[in-house]
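What follows is calculated from the coordinates using simple rules that are stated; it is not laboratory data. Everything quoted here is computed from the prediction, not taken from an experiment. As a convention, Cβ positions derive from the backbone with ideal geometry for all residues, glycine included, and neighbour counts pool all protein chains shown.
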Amino acid sequence: MSKMKEKICVITGSNSGIGKEAAIGLAEMGATIVMVVRNQERGEKARTEIVKQTGNDSVDVMICDLSLMSSIRHFAEEFKKRYDRLDVLINNAGASFSKREVTAEGFERNFAVNYLGPFLLTYELLDLLKSSAPSRIINVSSGLAKNGKVDLDDLQGEKHFAETKFYSSSRAPAYDNAKLMLMMFTYELARRLKGSGVTANVLMPGFTATNLGKNSGSLGSYIMFKMVRPMQQSAKKGAETSIYLASSDEVKDLTGKCFAKKKEVTSCPGSYDEELQKRLWNKTESMLGLASDQSMY
Ligand SMILES: NC(=O)c1ccc[n+]([C@@H]2O[C@H](COP(=O)([O-])OP(=O)(O)OC[C@H]3O[C@@H](n4cnc5c(N)ncnc54)[C@H](OP(=O)(O)O)[C@@H]3O)[C@@H](O)[C@H]2O)c1
């Protein structure tokens, strides 16, 4: 119960699915959980369940829409007013949209929620993670990253969509691309953080019965997700690797690695292209308006 006592864990998207189970697992170990959610009501409902199930009432709910960079910046400011340390950041929130949509800030939604948001959230919290070291960053990617492609001239799939009009009914290629970018971000981040006491690892949770796909904007995708339910593992099982990376002593010094089923694994070959990782990093910083003198590393 007390293994994670005194540890503060931020988990994005922890009102549902894998994130909620990760929150339960870490709350059971005594951690303080900061649930980062986009909807107060859903967050409070999940918080009540987590507290009831674990007997740990150090569970906070904070609001942030990961698709909006303004919301992330605001959240980070509020977080720093409430907390003076951060031991574990789990970038878990994710969503898949099968229709091409852009946010009010002009970013394609799959790209914004699954890649750009976690990049900026990490940037905004990094000073605290560094001052709290040893600390851990855990990025939840997907096995679908292997289908992804990183085109630096078309990161948000605008040209691709204009040419092909292709957005699959069952899932969006833009989701796979963003999950690949998240993986590449993790590897570059880990290199830049060497010696800081902050580790950065990525994981693939496996095919899991959650709400993912439910709000994808496509009935076909939703029905497909329902049909495959019997083949999916439980959300509790899906959260095991997140919990392991957040809490196990076995991985305390490991960084820049990919994990599945609590084991280190090799990710898709494209994810290891260091030159592309660096160029993606620079391009992302400039998209976020981060001047090089503000660069996180
Ligand atoms: N399920 C799988 O088979 C599978 C496989 C590989 C990878 N993953 C990854 O695992 C992670 C967890 O997903 P899940 O399967 O547990 O799905 P889920 O049940 O749908 O949970 C996703 C969480 O992300 C939150 N979220 C979505 N958009 C957000 C936004 N704009 N701002 C803030 N929070 C947002 C959701 O909040 P709301 O409840 O408000 O929508 C929810 O709490 C995701 O990164 C997903 O890509 C899942």
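With each label point set 7 Å from Cα along the Cα-Cβ vector, what nm distance links Leu219 and Ala133?
5.4 nm
In what sequence, highest mean first, do 196-203, 277-284 appear when ranked by Cβ atoms within 10 angstrom? Show your work: numbers first, answer last.
Numbers: 196-203: 23.4, 277-284: 17.4.
Per-residue mean Cβ counts within 10 Å order the peptides as 196-203, 277-284.
According to a simple spin-label model (label point 7 Å from Cα along Cα-to-Cβ), what is the distance in nm between Glu105 and Ser248?
Taking the two extended label points, one gets 3.4 nm.
Below 8 Å between Cα atoms, with a sequence gap of 6+, how large is the relative contact order for the chain in percent?
Numbers: 569 pairs, mean separation 54.3, N = 297.
With pairs under 8 Å counted, the relative contact order is 18 percent.
Classify the stretch 130-259 as rounded, prolate or oblate, taking a ≥ b ≥ c as the square roots of the eigenvalues of its Cα gyration tensor: rounded when a/c is under 1.5, otherwise prolate if a/b is larger than b/c and oblate if not. Walk me through the intermediate numbers first.
Details: a/c = 3.30, a/b = 1.40, b/c = 2.35.
Verdict is oblate for the stretch 130-259.
Please list, or write none, the aspartates and glutamates whose alpha carbon is within less than 19 Å of the alpha carbon of Lys278, excluding same-chain residues fewer than 8 places away.
Here the aspartates and glutamates satisfying the reach criterion relative to Lys278 are Asp151, Asp153, Asp154, Glu188, Asp293.
Longer than 28 Å from Cα to Cα, which of Lys7/Lys236; Lys45/Lys237; Lys5/Lys214 are they? Say none if no pair is. All intermediate terms of the calculation are to be shown ahead of the outcome.
Numbers: Lys7/Lys236 21 Å; Lys45/Lys237 22 Å; Lys5/Lys214 35 Å.
Exceeds cut-off: Lys5/Lys214.
Name the lysines eligible as straight-distance cross-link partners of Lys283: C-alpha to C-alpha under 26 Å, and not fewer than 8 places from it in the same chain.
Straight-distance partners of Lys283: Lys99, Lys130, Lys146, Lys149, Lys159, Lys165, Lys179, Lys194, Lys257.
DSSP H helices in the chain with Cα extent of 15 Å or more along the helix axis and mean Kyte-Doolittle hydropathy at least 0.0? Please list the in-between numbers first.
Details: long enough: 17-28 (17 Å, 0.51); 40-54 (21 Å, -1.71); 69-82 (20 Å, -1.06); 117-131 (22 Å, 0.66); 173-192 (29 Å, -0.15); 274-287 (20 Å, -1.62).
Long hydrophobic helices here: 17-28, 117-131.
Under the 0.36 nm per residue contour assumption, what length would be gained going from the current alpha-carbon distance of Asp57 and Lys45 to full extension? Present the calculation step by step, with values, prior to reporting the outcome.
Working: separation 12, 0.36 × 12 = 4.32 nm, distance 1.35 nm.
Result: 3.0 nm gained on full extension.
Using the Cβ atoms and a cut-off under 12 Å, what net charge is assigned to the surroundings of Glu240, where Lys and Arg are +1 and Asp and Glu are -1? Could you put the intermediate results ahead of the total?
On the way: positive: Lys236, Lys237, Lys261, Lys262, Lys263; negative: Glu21.
Overall, the nearby charge balance is +4.
Residues of the stretch 253-291 with backbone nitrogen within less than 17 Å of a virtual label 7 Å along the Cα-to-Cβ line of Arg73, please, listed as ranges.
Zone members listed by number: 284-291.
Based on DSSP loop calls and a cut-off of at most 16 other Cβ atoms within 10 Å, the longest stretch of the chain free of exposed GluC sites (Glu not before Pro) is what?
On the way: sites that count: Glu6, Glu101, Glu105.
Here the longest segment lacking exposed loop sites spans 106-297.
Enumerate the aspartates and glutamates that Lys80 could reach by cross-link, defined here as Cα to Cα under 15 Å, with residues fewer than 8 away along the same chain left out.
Hits, sequence-local ones excluded: Asp60, Glu124, Asp127.
Which of the three applies to the stretch 1-135, rounded, prolate or oblate, going by the alpha-carbon gyration tensor with a ≥ b ≥ c and a/c under 1.5 meaning rounded? Write down the numbers at each step before the final one.
On the way: a/c = 2.12, a/b = 1.41, b/c = 1.50.
Since a/c reaches 1.5 but b/c is at least a/b, the shape of the stretch 1-135 is classed as oblate.
Take the alpha carbon gyration tensor of the chain, find the square roots of its eigenvalues, order them as a ≥ b ≥ c, and report rounded if a/c is under 1.5; if not, report prolate when a/b exceeds b/c, else oblate. Don't skip to the end; give the middle numbers.
On the way: a/c = 1.45, a/b = 1.17, b/c = 1.24.
Because its axes are fairly even, with a/c under 1.5, the chain counts as rounded.
Would you mind getting me the FRET efficiency between Asp84 and Met231? Use the beta-carbon distance for r and R0 = 51 Å, nearest 0.05. Let's see the in-between values first.
On the way: r = 45 Å, r/R0 = 0.87.
So, using R0 = 51 Å, E works out to roughly 0.70.
Count the net charge of all other residues whose Cβ sits under 14 Å from the Cβ of Asp151, scoring Lys and Arg as +1 and Asp and Glu as -1. Don't jump to the answer; show the numbers that get you there.
Working: positive: Lys149, Lys159, Arg279, Lys283; negative: Glu108, Asp153, Asp154, Glu158, Glu163, Asp176, Asp273.
Net of charged neighbours comes to -3.
Below 15 angstrom from the Cβ of Leu129, what's the summed charge of the other residues (Lys, Arg +1; Asp, Glu -1)? Write down the numbers at each step before the final one.
Values: positive: Lys7, Lys80, Arg85, Lys130, Arg136, Arg192, Lys194, Lys252; negative: Asp84, Asp87, Glu124, Asp127.
That sum, taken over residues with Cβ under 15 Å, equals +4.
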